[in-house]
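Computed from the coordinates by the stated procedures, all read-outs in this text should not be read as laboratory data. These numbers come from a predicted model, not from an experiment.
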Amino acid sequence: DLVEQLPPDPDADQEVTWPARMGWMGRCHLRNWLECVKSRQQPNAYGELAQRAGTLCCLTTIARLANRPLKWDPKNERFVGDDEANALLDPPRRKSYELPPIA
């Protein structure tokens, strides 16, 4: 059903100069985001959606590294009863990539 709901490719009749791996849906998102930076409107893929999608990618990687079943608490954004898996949520950062302390 999702494929049927996709918007038409706005670049179908043009040569695309963007990296080919981005694909037309990626170009649509990028174009929309750039337009919203200028207009201050809400983009199609709002921040909360992007955060959830990014979280899913991170959880997939952690599950592969742990190589065992994990239970995720989405409200608290922590693994239930698994300190080892929770440590992978915020691994040590390389020198000069550290985050500033929270006051």
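Non-local amide H neighbours of Arg78 (under 5 Å, H modeled in plane, Pro and chain starts lacking H): which ones?
Amide H neighbours of Arg78, under 5 Å, 5+ apart: Asp73.
Any idea what the alpha-carbon Rg over 2.2 N^0.38 Å comes to for the stretch 23-103? Before the final figure, lay out the partial values.
Working: Rg = 16.8 Å, N = 81, 2.2 N^0.38 = 11.7 Å.
Compared with the compact-globule rule of thumb, the stretch 23-103 sits at 1.43.
Per residue of the stretch 56-73, in order, report the coupling 6.51 cos²θ - 1.76 cosθ + 1.60 (Karplus, θ = phi - 60°) as ³J(HN,Hα) in whole Hz, putting x for Gly and Pro.
4, 5, 5, 5, 4, 5, 5, 4, 5, 5, 6, 6, 7, x, 10, 10, 9, 9
With equal scatterers on the alpha carbons only and no solvent term, can you work out the Debye log10 of I(q)/I(0) for the stretch 26-69 at 0.18, 0.25, 0.26 1/Å?
So the normalised log intensities are -0.62, -0.84, -0.87.
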